[in-house]
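Enquirer: One structure follows; several queries about it will come next.
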Amino acid sequence: MNEDRVPDLWRRFAHRYKSSHRRGLPTIISSSRVRLASASGVLALLLLTVPLAMANTQGFRYTLSSCCTLKGSRATLTTPSNTSTDIIQPDNNVMIGSVWAVDGTGNGIQDGFLRVNDAVIDPSGPQNCSDNAIALKYFTEVFISNVAKCYFQGTATYQVAHKFSVQRASDGFWYAYNDGACTLYAGACIKTSWTAVSGNASEIYAFGESTADSGQQRWRVRVGGTTPWQRYTTSGTWVSITTAPSTYLQWWTESGTFNTNWTINLDEPS
């Protein structure tokens, strides 16, 4: 079953004078008609008559808790090359590659990399995750009751693979990890928790996104290699995901072999 998803928050795009782009949690939406519905309980409106290029656009695979208890999501993600083969980025835009876990009621955590081009993601966040130039960065983002907090984790390197993880630990909190080390803010590990789904995740993702509202764009999120996309189980082990539905909105495709080495591709013509 393939279903389209859109964010559960109205999105505001970044512009050159620093109005904000507010991140939202993905939500299952039927691809066949407009409706107010969500498998995870959060209402969202998809206007299918509006060109998808006029809103944040996404491509990803996902797993739902109907399969099993979900306590984490991780994968090796490789940053794109800094060439037009992998990146064509409009101005005032953010492009993202990440792993996600959400509870379906407005809470979640993601970890990965993003490329900012003169944009603000989250004006209320501790670090804003903004840049007035072009910058590839590692980041962690936490949602609490649909309010995002974004934390830069340093400058990223092009064409480098890292293992990104979001995981619920034995203390009940969710943490983000880059190559096994927890991501930090003010010297402490970034963490969050929620009560829905007994504190576990309702959905996990391997995820790509662009916030561009127009213009030619290209983006690559390479998944797998050393660590395929995996879920964390109640037995305290990581299990590779062998089947997962996918959602690829307009201009998004997938190439390669799931779940060993595959790429989430965005190729929007001018």
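Enquirer: Where in region 192-265 are there strands (runs of 3 or more DSSP E), lying fully within it, with 1 or more residues that are hydrophobic (A, V, I, L, M, F, W, C)?
Expert: Numbers: elements: 203-210, 217-224, 230-232, 238-240, 246-248, 252-257.
So the answer is 203-210, 217-224, 238-240, 252-257.
Enquirer: Considering A133, A148, which residue is in a strand (DSSP E or B), closer than 30 Å to D267 by Cβ and open to solvent by 30 Å² or more (accessible area, probe 1.4 Å)? Show your work before the answer.
Expert: Working: A148 fails: open to solvent by 30 Å² or more (accessible area, probe 1.4 Å).
So the residue among A133, A148 that is in a strand (DSSP E or B), closer than 30 Å to D267 by Cβ and open to solvent by 30 Å² or more (accessible area, probe 1.4 Å) is A133.
Enquirer: Still on this structure: Does Y205 count as farther than 18 Å from Y62 by Cβ and either in contact (Cβ under 8 Å) with a residue 40 or more places away in the chain or touching a strand residue (DSSP E or B) at 6+ places or on another chain (Cβ under 7 Å) (or both)?
Expert: No, not satisfied.
Enquirer: Can I ask one more? Which condition does T140 not pass, out of (1) hydroxyl-bearing (S, T, Y); (2) in contact (Cβ under 8 Å) with a residue 60 or more places away in the chain; (3) in contact with an Asp or Glu (Cβ under 6 Å, 6 or more places away or on another chain), if it passes all the others?
Expert: (2)
Enquirer: Now for a separate question. Is one or more of the residues making up region 43-53 farther than 30 Å from W194 by Cβ, open to solvent by 10 Å² or more (accessible area, probe 1.4 Å) and at pLDDT 85 or above?
Expert: no
Enquirer: Do you know which residues across region 57-84 are in contact (Cβ under 8 Å) with a residue 24 or more places away in the chain and farther than 27 Å from V197 by Cβ?
Expert: Residues of region 57-84 in contact (Cβ under 8 Å) with a residue 24 or more places away in the chain: 57-65, 68-82, 84.
Scanning region 57-84 gives T57, T78, T79, P80, S81, N82, S84.
Enquirer: Test of understanding: among A196, A188, which residue is closer than 19 Å to D103 by Cβ, out of contact with any His (no Cβ under 9 Å at 6 or more places or on another chain) and surrounded by fewer than 21 Cβ atoms within 10 Å (Cβ to Cβ)?
Expert: On the way: A188 fails: closer than 19 Å to D103 by Cβ.
Only one candidate passes the filter, namely A196.
Enquirer: Give me the pairs, please: first residue somewhere in region 227-244 and over 18 Å from L77 (Cβ atoms), second residue anywhere and among the hydroxyl-bearing types (S, T, Y), beta-carbon distance under 9 Å, and either six or more positions apart or on two chains.
Expert: T233/T69; T234/T69; G236/S170; V239/Y232; V239/T233; T243/T63
Enquirer: Can you give me the number of residues within region 234-250 that are surrounded by 14 or more Cβ atoms within 10 Å (Cβ to Cβ), in contact with a Ser or Thr (Cβ under 7 Å, 6 or more places away or on another chain) and at pLDDT 95 or above? Show your work before the answer.
Expert: So in region 234-250, the residues surrounded by 14 or more Cβ atoms within 10 Å (Cβ to Cβ) come out as 238, 241, 244, 246-249.
Next, from what is left, pick out any that are in contact with a Ser or Thr (Cβ under 7 Å, 6 or more places away or on another chain): 241, 244, 249.
So of that shortlist, the ones also at pLDDT 95 or above come out as 241, 244.
Matching residues across region 234-250 total 2.
Enquirer: Let me ask you something else. Looking at region 215-233, which of its residues are in contact with a Pro (Cβ under 8 Å, 6 or more places away or on another chain) and either open to solvent by 60 Å² or more (accessible area, probe 1.4 Å) or on the phi < 0 side of the Ramachandran plot (or both)? It would help to see each step written out before you state the result.
Expert: Filtering region 215-233 for residues in contact with a Pro (Cβ under 8 Å, 6 or more places away or on another chain) gives 215-217, 219-222.
Within region 215-233, Q216, Q217, W219, R220, V221, R222 meet the criteria.
The values are calculated or read from the model by the stated rules, or taken from the named source; none is laboratory data. Everything quoted here is computed from the prediction, not taken from an experiment. Here Cβ is always computed from backbone atoms with ideal geometry, including for glycine, and neighbour counts include all displayed protein chains. Just so you know, the surface numbers come from the protein's heavy atoms only, side chains and all, with ligands and any DNA or RNA stripped out. Shrake-Rupley method; radii C 1.70, N 1.55, O 1.52, S 1.80 Å.
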